[in-house]
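Engineer: I'd like to ask some things about the structure below.
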Amino acid sequence: MNEFKVITIEDVLCFTPKDVQKILNCSKSQVYEIFHRVDFPSFKIGERNLVVKRIDFYNWQEEKKEKFKKHKL
């Protein structure tokens, strides 16, 4: 039987809160606050498992970065 193995981050379709915690280097509680924000594109798989699509996460980061730049000016 063939097994699929993740080789690079590009192979991952969705990030879990734990993944985002590692990427952002922040606390577990901060990550769950982010995952429950209205503007954050997370969704549930099943009853409890929160995830965010990798591309949506990166797009969200870019939006926040652009808003921050505009606000600084």
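Engineer: Accessible area of the chain with a 1.4 Å probe: how many percent of it is carbon plus sulfur? Walk me through the numbers before you get to the answer.
Structural biologist: Details: 3360 of 6240 Å².
About 54 percent, which is the carbon plus sulfur part of the accessible surface.
Engineer: Follow-up question, since we're still on this one. Restricting to lysines 8 or more places apart or on different chains, can you count the pairs in the chain with Cα atoms under 24 Å from each other?
Structural biologist: Total qualifying Lys-Lys pairs in the chain comes to 24.
Engineer: Using percent of Cα pairs over 18 Å apart as the read-out, say which of (i) 38; (ii) 46; (iii) 42 was calculated from these coordinates.
Structural biologist: Label (ii) holds the value from this structure.
Engineer: At 0.36 nm per residue, minus the direct Cα-Cα distance, what do Arg48 and Leu24 gain on full extension? Give it in nm, one decimal, please.
Structural biologist: In short, 6.5 nm is gained.
The values are calculated or read from the model by the stated rules, or taken from the named source; none is laboratory data. Remember, predicted model here, so these are calculated numbers, not experimental data. Keep in mind that these areas ignore ligands, DNA and RNA; they rest on the heavy atoms of the full protein, side chains included. Shrake-Rupley method; radii C 1.70, N 1.55, O 1.52, S 1.80 Å.
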